[in-house]
Amino acid sequence: HVNPKRVLVIGGGDGYVLSEVLKHKSVVHVDHVDLDEGVIKVCKEHFPWGKAWEDDRVKLHISDGSSFVKNTPDGFYDVIIQDSSDPFTW
């Protein structure tokens, strides 16, 4: 997408993908959805990009990603990134 404004990140509790998304000046809003608040707390403290969640453009949702998407209107996001593990590969 050339000019993304609204982005959804599912998973990625380490925050790295979120921090990369925020580098794009066109982005005005990011919903970050992750199941594990504990992972996010640890990563905020220990990773150099841990301040990404403090950006005013970010709204963190501790929730199931598929449930979150089901309650989102079609076409709301310009970009959707799924940064989660595949449970079928474990």
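Within segment 22-37, the set of residues being within 16 Å of Ser84 (Cα to Cα) and out of contact with any helix residue (DSSP H, G or I) (no Cβ under 7 Å at 6 or more places or on another chain) comprises Asp31, Leu35, Asp36, Glu37.
Contact annotation: residue pairs with Cβ atoms under 9 Å, 6 or more positions apart or on different chains, pairing a residue in segment 24-52 that is farther than 22 Å from Val79 by Cα with a partner that is of a type in the set (Asp, Glu) and open to solvent by 80 Å² or more (accessible area, probe 1.4 Å), are Lys44/Glu54.
Looking at this structure, is Val2 surrounded by 20 or more Cβ atoms within 10 Å (Cβ to Cβ) and free of Cβ contacts under 8 Å to residues at least 40 places away in the same chain? No; evaluated as a whole, the condition is false for this residue. Ile40 passes every criterion in (1) within 12 Å of Asp83 (Cβ to Cβ); (2) in contact with a Gly (Cβ under 7 Å, 6 or more places away or on another chain); (3) crowded, with 19+ Cβ neighbours inside 10 Å; (4) not basic (Lys, Arg) apart from (1).
For segment 23-37, a tally of residues being within 16 Å of Lys5 (Cβ to Cβ), open to solvent by 20 Å² or more (accessible area, probe 1.4 Å) and either hydrophobic (A, V, I, L, M, F, W, C) or in contact with a Leu (Cβ under 6 Å, 6 or more places away or on another chain) (or both) returns 1.
Residues checked against (1) under 21 Å from Tyr16 (Cα atoms); (2) modelled with pLDDT under 95; (3) loosely packed, with under 12 Cβ neighbours inside 10 Å; (4) among the polar types (S, T, N, Q):
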{"residue": "Ala52", "(1), (2), (3), (4)": "yes, no, no, no"}
{"residue": "Gly65", "(1), (2), (3), (4)": "yes, yes, no, no"}
{"residue": "Asn71", "(1), (2), (3), (4)": "no, yes, yes, yes"}
{"residue": "Val79", "(1), (2), (3), (4)": "yes, no, no, no"}
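Here Arg57 meets each of (1) under 10 Å from the mean Cα position of the chain (by Cα); (2) under 17 Å from Lys5 (Cα atoms) with one exception, condition (1).
The values are calculated or read from the model by the stated rules, or taken from the named source; none is laboratory data. What you see is a predicted model; the values in this text were computed from it and never measured. A quick note on method: Cβ atoms are made from the backbone with ideal geometry, for glycine too, and the neighbour counts reach across all protein chains shown. The protein model used for the area step is the full one, side chains on, heavy atoms only, and it has no ligands, DNA or RNA in it. Shrake-Rupley method; radii C 1.70, N 1.55, O 1.52, S 1.80 Å.
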